[in-house]
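First the structure, in the form of structure tokens, and then the observations on it.
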Number of protein chains: 2
Amino acid sequence: MTDLELDVFGPEPWLQIGERAFRSRLLLGVEQYTEPALVRDVLDGSGADVFITTYDLERTRSSLLLSDLDRELDLDRFIWIGTTSFAHSAADAVATARQLRTALGLDIIKLDVRDTTNMPDAEATILAAKELLADGFSLLPFILPEVETARVLEGMGCSALRLMAAPVASYRGIVDAEPLRACMDAVEIPTVVEGGIGSPADVTRAFELGADAVLVNTLVARAASPERMARAVRHAALAGGLVRA
Amino acid sequence: MTDLELDVFGPEPWLQIGERAFRSRLLLGVEQYTEPALVRDVLDGSGADVFITTYDLERTRSSLLLSDLDRELDLDRFIWIGTTSFAHSAADAVATARQLRTALGLDIIKLDVRDTTNMPDAEATILAAKELLADGFSLLPFILPEVETARVLEGMGCSALRLMAAPVASYRGIVDAEPLRACMDAVEIPTVVEGGIGSPADVTRAFELGADAVLVNTLVARAASPERMARAVRHAALAGGLVRA
């Protein structure tokens, strides 16, 4: 793959937070892996430049030890962001973010507050965002593709919005493109499509709709060959990027 | 792009006719172009290894002169096949194929017989196929995704089947995957998805369904940048190929 091919989206990062420039259009969740070498392979295969980590309030650690991961891959080359994807209340999310800052110095948070059915809880997310923004965090909240919620979070100062395509791990893909497109049109901050991505074709489609980035997780983690699927979604992103402009 | 990436479908050609091995999973219609240099760029960008040409019974030549094309690209590196895509009767298709053999020595035919609404005419296609197979041609007929028609043409000895996803030039994509999948399951010869491909995501999707190859035409020819779209569909095919196996 030539540099030209990787630059299909243009030379500008899709998201800039302080000095940190997010260039790869693929974000990969890596909390479902049990082998550090596989985390390395999928991150390499996908071309991701973001490393997402968490602090599980229940289990007090993420599934893989950072020390083990660090032996397999050069963690320094990634932009580190924290996630609150295990949080089921605003208070949980705020506590997780603060622990991630205390323990790892993270100040960019992939903010998730899920309801009892594991869907984004808009009210709790806005509540947590308010507190964390006041704390000086930069936020990428996960929401249903609702224009009103999107506008509120943009107005509050969030850095980017993660729009749910379909329920997490559902493999249902982009069933209804209209709400996603409406949110992309309604805000000026970058948008990430995430949740339920069921195949590489969905990744391409997300970019065709105008997404700035796509976050995949279960599709890669549960694939017969995660490394192969990581390369597939990378090609899918390149395909989408070539027609997005 | 590394050789490895291009070999995602495995080292075997998807179609072998005599000594001619079809390796690229993308077929590109090139009859809509008016600039030989653009034909070169889209064929290069897509990685296609097949050159499709025709003999227009009405206009007695295709839109670009082969001599002009030959100045822009090394036509010898392609597998040449003829198309009867302008034919509206079995007799037209047979006559076109015979002219293509007489004039250019072609014996592999992308067989199309369209009805008055430009849809594949199964009855006329079977009629033309019977005559052309008896003449010693190898055929890739274009049909609606109907299992019965697919089985008849396979039984007659066609080399591969081109299954219509959506009406030609409609950009509607793969609206209904089931009939395509049913045909792929019903026959053992290779299948090509073609017609109405509306975006690179449709190309990826076709391979995810199990297609052996995809033929794109209008999507590339009418794109703002055909060369860029050709590269996009190539990445889309690579993405699909990585998850097809």
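The values are calculated or read from the model by the stated rules, or taken from the named source; none is laboratory data. Predicted model, so just to flag it, every value in this text is computed and none were measured. So basically every Cβ, Gly included, is an ideal-geometry build from the backbone, and we count neighbours across all protein chains shown.
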Condition check for B:I143: within 18 Å of B:A213 (Cα to Cα) and touching an Asp or Glu at 6+ places or on another chain (Cβ under 6 Å): no
Region A:8-17 - residue that is touching a residue at least 60 places away in the same chain (Cβ under 8 Å) and part of a loop (DSSP other than H, G, I, E, B) and, of those, nearest to A:R162 (Cα to Cα): A:W14
Where a residue in region A:218-245 is at the interface with chain B (Cβ under 7 Å from one of its Cβ atoms) and its partner, wherever it lies, is among the aromatic types (F, W, Y), with Cβ under 6 Å and at least six apart: A:G240/A:F207
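Results for (1) basic (K, R); (2) more than 14 Å from chain B (Cβ to nearest Cβ); (3) farther than 20 Å from A:T83 by Cα; (4) under 12 Å from the mean Cα position of the chain (by Cα), shown as yes or no for each residue.
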| site | (1), (2), (3), (4) |
| --- | --- |
| A:A165 | no, no, no, no |
| A:Y171 | no, no, yes, no |
| A:I174 | no, no, yes, no |
| A:P179 | no, yes, yes, no |
| A:A182 | no, yes, yes, no |
| A:A186 | no, yes, yes, no |
| A:G195 | no, yes, no, yes |
| A:A206 | no, no, yes, no |
| A:L209 | no, no, yes, no |
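Rundown of residues vs (1) within 14 Å of chain B (Cβ to nearest Cβ); (2) modelled with pLDDT of 95 or more, yes/no style:
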| position | (1), (2) |
| --- | --- |
| A:T2 | yes, no |
| A:V8 | yes, no |
| A:P11 | no, no |
| A:V30 | no, no |
| A:L65 | no, no |
| A:L75 | no, no |
| A:F86 | no, no |
| A:A93 | no, yes |
Unmet requirement for B:G105, which otherwise passes all of (1) modelled with pLDDT under 95; (2) surrounded by fewer than 19 Cβ atoms within 10 Å (Cβ to Cβ); (3) at negative phi; (4) not polar (S, T, N, Q): (3)
Where B:N118 falls short, out of the listed (1) over 18 Å from B:A165 (Cβ atoms); (2) modelled with pLDDT under 95; (3) touching a Pro at 6+ places or on another chain (Cβ under 8 Å): (1)
